[in-house]
Each structure stands twice: as structure tokens, then as C-alpha cells.
Amino acid sequence: MPELPEAETIARALREGAIGRTIARVRVIRPDVVANPARLFQRRLVGRRILDLQRRAKSIVFHLDDGSLLAVSLGMTGRLLMYRVGRPRRADMPPHAAVILETDPPGMIVYDDVRRFGRLELLDAAGWAARSAALGPEPLEDSFTLDVLGAILAPSRAPIRSLLLDQRKIAGVGNIYANEALFGARIHPARLAGTLQPAEVRRLHKTIRSVLARAIEARGTTIRDYRDPNGDSGGFAPRLVVYDRAGSRCRRCGTVIERTVFGGRSAFFCPSCQPAARVRVIRRRRNART
DNA sequence: CATACGTCCTGCCAGC
DNA sequence: TGCTGGCAGGACGTAT
């Protein structure tokens, strides 16, 4: 569930509370969320000090004092909860705690995940570099220019919504913000990426960045499960214009928002503001090879 | 190579 | 009230 803005919100909050702490004890309650063998994961983590926290795509990355990195991918329902002083009372423990890091000074960082699609992975610097290299550019960085987006879209035959979800192409965009950015750019989600006109690419470049930035300002979107490390919901849900609004009226034109499914995921759009692809001539070039 | 689809897992909610 | 089917913010592996 959590996409770039939610992961960024979590990383920022943990920067406040977790940097400088030493991991004193590691409890792996649900080994299936740990990518490493659980014993190894525990042994390597205990005694490490947290030097820094970063976000990459939808992952939160702990930088540890031996040069290793702990990458946390939240899946659909993962949460990183921070208890700055001591430990929560039993009744206040999150119900689906999967991994618990007890810290010194006394405190806790709890990874909680109902569905357990998330993963915690401890990597050395080279391992993390390889993972990061497999991901596309960060859409909020200055290096993510209009030309960079154009070069990603042009050769693709995938529906634009599917392409936006492909982390190897662009990092951090998930289903909520893909749909929101496409509405802002007035592009139907099923349009084939390579068929977008220059003006449409320009609009999309702008709306991808603006919707992500505004969502970070609002501390993320909570549809149901998302919480920040303090347990608080994000504030962006009321600003969603199409996601999860099928049957409601478009805020721009009043047309009823529709929902359709492709690539196994829901797409939401305003059929009036985001018209389907024009009937287009199918151009097929004869291939030289068989 | 690129794209499409099923799968992992639990809980919630609408509809009957 | 209780049950059932559908659906969920992700991403990996396999098929085509």
C-alpha cells in the first residue's frame, strides 16, 4: 500500500526518533517477512548503531554502523512503528508485529504487517547498490527531467497506468498516485505509453511530481491501513480526485468517475476529462526477420 | 526482451 | 444476524 509519499513520511519520522540508537535485541516473530535466514538476520543486526535513514522508491533504508543496510519494503499493509521510550504495554502492542527491534537507549521499532507482503532485508553495500540499480529514477529528483520521462515512455507498448507501476521504469509510484497523476494530466489510464503526445508527456511529468509532493506535505494517504511511525493517519485521502471514487462525481466536471480493471489492478478515471484513446490506425511494420 | 497473469496473506464490507 | 464473494496501497516468478 504505502507508496513513495508514505515511505518518505516514515523515513522522515524515523530520522527524528531512531538515528543514533543501537539495536540491542531482535525478535523475529514472523520469519516469512525476513528475506535473510532469521538467525543470521538477528546475529548481524544486534549491536549495530543506526547512523542514518533514507528512502528509495517505496523502501525505507536503515544505514548501520558496519556499512550494512536494512531495507524495509512495506508491501500492502506494513508499518514501522516507533516507541521512543521503553516498550508499549501489552495491550498497546500492534496486533500483527512481525519483527521487533529493541533499542538502546530503551525503545522499540516494530515492523507490523497484517498481510505479510512486506520484506525486511539486510544487505551489504554492494548488495544494496545492486538492488537500487534495478530501480528506475526517483521522480522527485531534479534529474527526472521531461526528457527522461519521454525516453521511458516512447518505446513502451504497455498501458500508461501499468508502466507507471513498473518500479524498474519509475521508482515509487503506486496505484493511488498513478491514477491521480493521470487524471491531472487528462490521460486515460489504458492509453499505450508510447502513443502519448508531447503535450501529454509534459502534463504527466508535471502531475507525477506535483501529486507526490503534495501527498508528502499531507503526510501520505490513508485509505485504511497506512500509519506513520507514531500511529497517525496521513491527510491526503480527502484530496484524492479519482482513486477509490468510482460512482462519485468528478470534482472538475461532474461526470461520474468510473472504475475498470487491467493488469489485475483497479484503474479510476473520469471518462469525460480522460477520454479513451482516439480510434487509431494500427501501424504494423513488416519485420525483416521471421 | 517486454508484457501479462497468478500468487502470496488477512481482513473488511457490501449484498443476499 | 450470518455467510460469501470480491477486493485491497506491492511485487515476485513464470508463461507467452
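Since every read-out is calculated from the coordinates, none of them should be taken as a lab result. On a predicted model such as this, the values are computed, not experimentally measured, just so you know. With ideal geometry, Cβ positions are generated from the backbone for all residues, glycine too; neighbour counts draw on all protein chains shown.
Highest GNM mean-square fluctuation among A:191, A:203, A:43, for chain A modelled with Cα contacts below 10 Å: A:43. Only Cα sites of region A:146-269 enter the Debye sum here, all with the same form factor; the resulting log10 I(q)/I(0) across q = 0.10, 0.18, 0.22 1/Å is -0.30, -0.97, -1.35, listed in q order. Annotation: amide H of residue A:25 within the under-5 Å range of A:102, sequence separation 5 or more or interchain, hydrogens built in the peptide plane. The residues neighbouring residue A:73, those whose beta-carbon lies less than 9 Å from its own, together hold a net charge of +1 under the Lys/Arg +1, Asp/Glu -1 convention. At a Förster distance of 30 Å, what's the computed FRET efficiency of residue A:30 paired with residue A:134, Cβ-Cβ distance as r, to 0.05? Calculated transfer efficiency: 0.70. With respect to chain A, whose longest principal axis is taken over its alpha-carbon atoms, helix A:175-184 is tilted by about 40°.
Between residue A:251 and residue A:43, what is the FRET efficiency for a Förster distance of 45 Å, r being their Cβ-Cβ separation, to the nearest 0.05?
Details: r = 53 Å, r/R0 = 1.18.
FRET efficiency, residue A:251 to residue A:43: 0.25.
Residues whose amide H falls under 5 Å from that of residue A:36, counting only those 5 or more places apart or on a different chain, are A:122, with hydrogens built in the peptide plane. Shape analysis of region A:19-81 places it in the oblate category; the axes a ≥ b ≥ c from the Cα gyration tensor give an a/c of at least 1.5, with a/b not above b/c. The helix-only estimate of mean residue ellipticity at 222 nm for chain A, built from DSSP H runs of length n ≥ 4 each weighted as -39500 (n - 2.57), is -8000 deg cm²/dmol after division by the residue total. Applying the Karplus relation 6.51 cos²θ - 1.76 cosθ + 1.60 with θ = phi - 60° to region A:260-269 yields 3J(HN,Hα) values of 9, 10, 8, x, x, 10, 6, 10, 10, 7 Hz, where x marks Gly and Pro. Expressed in Å, the radius of gyration and Dmax of the Cα atoms of chain A are 20.9, 70.
Computed from backbone phi, the HN-Hα couplings of region A:96-104 come to 10, 4, 10, 9, 10, 9, 8, 10, 10 Hz, rounded to whole numbers (Karplus: 6.51 cos²θ - 1.76 cosθ + 1.60, θ = phi - 60°; Gly and Pro given as x).
Based on the alpha-carbon gyration tensor of region A:4-133 and its eigenvalue square roots a ≥ b ≥ c, which shape applies: rounded if a/c is under 1.5, prolate if not and a/b is larger than b/c, or oblate? Each step should come with its number before you reach the end.
Numbers: a/c = 1.28, a/b = 1.17, b/c = 1.09.
The shape class here is rounded.
Note on chain A: GNM, Cα springs under 10 Å; of A:161, A:131, A:186, the largest mean-square fluctuation is that of A:131. Across region A:214-220, computed HN-Hα scalar couplings (Karplus, 6.51 cos²θ - 1.76 cosθ + 1.60, θ = phi - 60°) run 5, 5, 5, 4, 8, 6, x Hz from first to last residue, x flagging Gly and Pro. Computed over neighbours whose Cβ is under 10 Å from that of residue A:59, the net charge equals +4, Lys and Arg +1, Asp and Glu -1.
Normalised by the number of residues in region A:15-166, the mean separation of alpha-carbon contacts (under 8 Å, six or more apart) gives a relative contact order of 25 percent. Amide H contacts of residue A:192: A:160, each under 5 Å away and 5 or more positions distant or on a separate chain (H built 1.01 Å from N in the peptide plane; Pro and chain starts excluded). Of all the options A:185, A:246, A:11, the one that moves most in a Gaussian network model of chain A with Cα springs shorter than 10 angstrom is A:246.
The residues packed around residue A:219, meaning those with a beta-carbon under 10 Å from its beta-carbon, carry a net charge of -4 if Lys and Arg are +1 and Asp and Glu are -1.
Considering only A:62, A:40, A:125, and ranking their Cα positions along the charge dipole of region A:4-133 that arises from unit charges at the beta-carbon of Lys, Arg, Asp and Glu, the one farthest toward the positive end is A:40.
So what is the relative contact order of chain A, in percent, for Cα pairs below 8 Å that sit 6 or more residues apart?
Computed value for chain A: 18 percent relative contact order.
The DSSP beta bridges internal to region A:4-133 are antiparallel in roughly 95% of cases.
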